[in-house]
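Participant: Take a look at the following structure, please.
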Amino acid sequence: ERPEYGYYFAAKWADVLRVRRRPNDNTRGAAGTFAFHGWITQAMATDVPYTEFVRGILTGSGTDVSHPPTAWYRELTKPEQLVDDVSQVFLGQRLACAQCHHHPYEKWGQDDYWGLAAFFARVGKKEVTVPAVDLNRAQERVQAVYSRPGGAVTNKRTGKPALPKPLDGAEQAIPDGDDPRQHLADWMTDPKNPFFARAVANRYWAHFLGRG
């Protein structure tokens, strides 16, 4: 393990992944933030493959106690927010404009945007009871992330439910009961993906050399 390496790059990734305390955070919320930061630090220090690192965030299920990266879903509550973050952070593409119209400077349109959003249509959230981090309490309620059996998002261009569709890929019919995020992670981490490796290489190149 290389802890100094983990601390250094964890701070960089924490900024990108919105790992920050909010002014109204209670003790439990702060604990989740620290747990996610610790998870990132450990991943960096032990050289967890980048593909596994990203998959652990994208497909996170459970609570921030059982799986700290689920704290990411506390900050990003809608499929649209997830699309904007995933496309920019992990794919190096800005899709936000394509939510309502064809991107003015890129090739991406609304079908691309909502196709990516559909991978997150089955993300569910509920409250569960866990041991409290506040010594004055025995238990407390926290958010748990899970995959629902079904769910859809509406393509604003067509007014119809969007099928999951990776960028520059074909629509996918994902069976009920499957977690579409697993399919998204499979596509993203495939060696043939033209965006994934280039985006992280560009990120580190910009960090060390000052320009992507």
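The values are calculated or read from the model by the stated rules, or taken from the named source; none is laboratory data. Bear in mind that the values here come from a model prediction, so they are computed numbers and not experimental data. Accessible surface is based on the protein model in full, side chains and every heavy atom, while ligands, DNA and RNA are left aside. Shrake-Rupley method; radii C 1.70, N 1.55, O 1.52, S 1.80 Å.
Participant: Roughly how many Å is it from the Cα centre of the range 92-119 to that of the range 29-68, as a whole number?
Facilitator: Cα centres, the range 92-119 to the range 29-68: 28 Å.
Participant: So which helices of the chain fit the span-like rule, where a helix is a whole DSSP H run, its Cα atoms reach 18 Å or more along the axis, and its mean Kyte-Doolittle is at least 1.0?
Facilitator: none
Participant: Next up: Lysine pairs, Cα distance under 18 Å, 8 or more residues apart or cross-chain: how many in the range 83-194?
Facilitator: Qualifying lysine pairs in the range 83-194: 4.
Participant: Could you tell me the ratio Rg/Rh of the chain? Both radii from Cα atoms, Rh via Kirkwood.
Facilitator: 0.98
Participant: Roughly how many percent of the accessible protein surface of the range 33-118 is carbon and sulfur, given a 1.4 Å probe and a whole-percent answer?
Facilitator: Carbon-and-sulfur percentage of accessible area, whole number: 54.
Participant: Give the long-range amide H neighbours of N155: residues separated by 5 or more places, or on another chain, with amide H under 5 Å away, using H modelled in the peptide plane at 1.01 Å from N.
Facilitator: K160, A162
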